[in-house]
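Visitor: Quick one: the structure is below, and I'll ask about it shortly.
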Amino acid sequence: MSNYFNPEIETMPVEEIKKLQSERLVEQVKHVYANVEFYRNRMDEAGVKPEDIKGIEDLHKLPFITKDDLRDQYPYGFLAVPLEDCVRIQSTSGTTGRRVVAFYTMEDVLIWDTCCARAIVAAGGTKDDVVHVSYGYGLFTGGPGLNGGSHMLGSLTLPMSSGNTDRQIQFMTDLGSTILCCTPSYAAYLGESINERGLKDQIHLKAGIFGAEAWTEEMRRGIEKSLGIKAYDIYGLTEISGPGVSFECSEQKGMHINEDHFIAEVIDPETGEVLPEGEKGELVFTCITKKAFPLLRYRTRDICVLSRKKCSCGRTHIRMSKPLGRSDDMMVVKGVNVFPSQIETVLLNNGYEANYQLIVDRKNNSDTISCDVEWLPDNPPKDIEDKTEREYLLVNKLKSMLGIAVKVKLVEPKSIPRSEGKAVRIIDKRDLFEESALK
Ligand code: DLL
């Protein structure tokens, strides 16, 4: 594949995009069937042969892939090229033991960079911009993704990573950062910090590219005001490549999916039935260009709506709404993906039962998570010191499992309300999901 960064692809007539997707899908199916035993078995079980897939109209014949499949196949089960052809791995946040590790060939990295470069352009970026990347660098895809996109565009890239707010602001003022890339919570925090220090007139930001967690329109308006910028949403997930699977344009009405690389479907999460455009359901992606770790029909668990309505920016690629919720119980806390089951595992491994409740909140634009857990009736804490010690032990265990701090409170047996139906394990006070503007 030549010509990685070709903006014309984003304005191709829809029929041409679909034709391109069909051609690439056919090749991709052959590639995974030939190289990944897991796919071969799944497709054989479903009675589908590579030659049955003649274009995107046959996509529905392929079986779905879930995160559990990826964990079961950890680490190499989905690798579709020889390991020596890979140049990079990235990994999902917050999961333990069986993480999801995604592999990239050099070509895969360039495709990913292209997707992120497009997001920067859609936010008004050019090679003359100074792109300040405050997403975390490392296994998390945020930093490396936007870094790569900025390089591809030829912009000056500041690989700040997250944290150290004073240093962030100093570089921002001294080097004249014009585009900020970070999580929306961190952007809000930076905005506050800059205003508190009275430095707003010394920063030159014009745009921000914020994603990796849910954020509301209200939050967008707050960030835009405090930093004096236009704030753009960006979406992605490690399994599919990282940030840049989709991104907002100047219209700010949903995120254009990079359709020359990913096919999007929305399904009914209960039945798996493909839903028509405009209906709300679970987002499913098929990677049609990636070679090392190409997932077909991967269930993201993000609930979204797709729209092909014409966008006045001129891009023809389909748009997705902001995620409107999840079809599983994953929460994104401080940018880290947290499953209640992980917390439960720590509790059970440490002699507690599954009588717990998680309270997630957002204060001063920073997420907090606390966990109330009942001590066992036959093993109450001896005194206040013993209680604190036991709580501290759980805090440490949870920290090493999740990578973030969870406040723990031991409470009396039967003090957590029992529910008649599904246990109410999570109280998320953040109210992050709202019906999004896909017009
Ligand atoms: O969060 C990739 C990313 C980095 C996206 C930087 C945007 C910017 P994961 O850690 O694998 O990857 O988490 C993926 O995060 O399935 C969504 O539930 C959530 N998510 C990502 N972007 C958004 C967004 C990165 N813009 C999971 N709005 C996804 C809401 C988002 N949720």
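Visitor: So which helices (runs of 4 or more DSSP H) stay within the stretch 164-257 end to end and still have 2 or more residues that are more than 10 Å from the ligand (Cβ to nearest atom), hydroxyl-bearing (S, T, Y) and modelled with pLDDT under 95? It would help to see each step written out before you state the result.
Guide: Numbers: elements: 165-174, 184-196, 217-227.
Those helices (runs of 4 or more DSSP H) span 184-196.
Visitor: Also, quick follow-up: If T345 satisfies all but one of (1) among the β-branched types (V, I, T); (2) surrounded by 19 or more Cβ atoms within 10 Å (Cβ to Cβ); (3) not assigned by TED's automatic domain parsing to the domain that holds P184, what's the number of the condition it fails?
Guide: (2)
Visitor: A further question follows. Please identify the pairs in which a residue from the stretch 46-63 that is small (G, A, S) has its Cβ atom under 6 Å from the Cβ atom of a residue that is in a helix (DSSP H, G or I), counting only partners at least 6 apart or on another chain.
Guide: Listed pairs, sorted by first residue: G55/S22.
Visitor: Might you check whether a residue that is touching a helix residue (DSSP H, G or I) at 6+ places or on another chain (Cβ under 7 Å), in a strand (DSSP E or B), near the ligand (Cβ under 10 Å from one of its atoms) and touching a residue at least 60 places away in the same chain (Cβ under 8 Å) occurs anywhere in the stretch 289-310?
Guide: No - not one qualifying residue is present in the stretch 289-310.
Visitor: If I ask for residues that are in a helix (DSSP H, G or I) and either small (G, A, S) or over 23 Å from H256 (Cβ atoms) (or both), which ones from the stretch 147-163 would you list?
Guide: G148, G149, S150
Visitor: Next question. Just name the residue that is farthest from the ligand (Cβ to nearest atom) out of those in the stretch 111-146 that are under 22 Å from H204 (Cα atoms), part of a helix (DSSP H, G or I) and in contact (Cβ under 8 Å) with a residue 24 or more places away in the chain.
Guide: For the stretch 111-146, the residue satisfying everything is V121.
Visitor: Look at the stretch 274-288 and say how many of its residues are within 19 Å of M43 (Cα to Cα), surrounded by fewer than 19 Cβ atoms within 10 Å (Cβ to Cβ) and within 16 Å of the ligand (Cβ to nearest atom). Step through it out loud before you land on a result.
Guide: Here is the first cut: in the stretch 274-288, the residues within 19 Å of M43 (Cα to Cα) are 274, 284-288.
From what's left, surrounded by fewer than 19 Cβ atoms within 10 Å (Cβ to Cβ): 274.
Imposing the further condition that a residue be within 16 Å of the ligand (Cβ to nearest atom) reduces the set to none.
Counting residues in the stretch 274-288 that are within 19 Å of M43 (Cα to Cα), surrounded by fewer than 19 Cβ atoms within 10 Å (Cβ to Cβ) and within 16 Å of the ligand (Cβ to nearest atom) gives 0.
Visitor: Restricting attention to strands (runs of 3 or more DSSP E) lying wholly within the stretch 311-418, give those where 1 or more residues are more than 16 Å from the ligand (Cβ to nearest atom). Give the derivation first.
Guide: On the way: elements: 331-333, 336-338, 356-363, 366-374, 407-411.
Ranges flagged: 356-363, 366-374, 407-411.
Visitor: Suppose we filter the stretch 242-286 for residues that are closer than 21 Å to D328 by Cα and among the hydrophobic types (A, V, I, L, M, F, W, C); how many remain?
Guide: 9
The values are calculated or read from the model by the stated rules, or taken from the named source; none is laboratory data. Remember, it's a predicted structure, so these values are computed and weren't measured experimentally. All Cβ positions, even for glycine, are placed from backbone atoms using ideal geometry, and neighbour counts span all protein chains on display.
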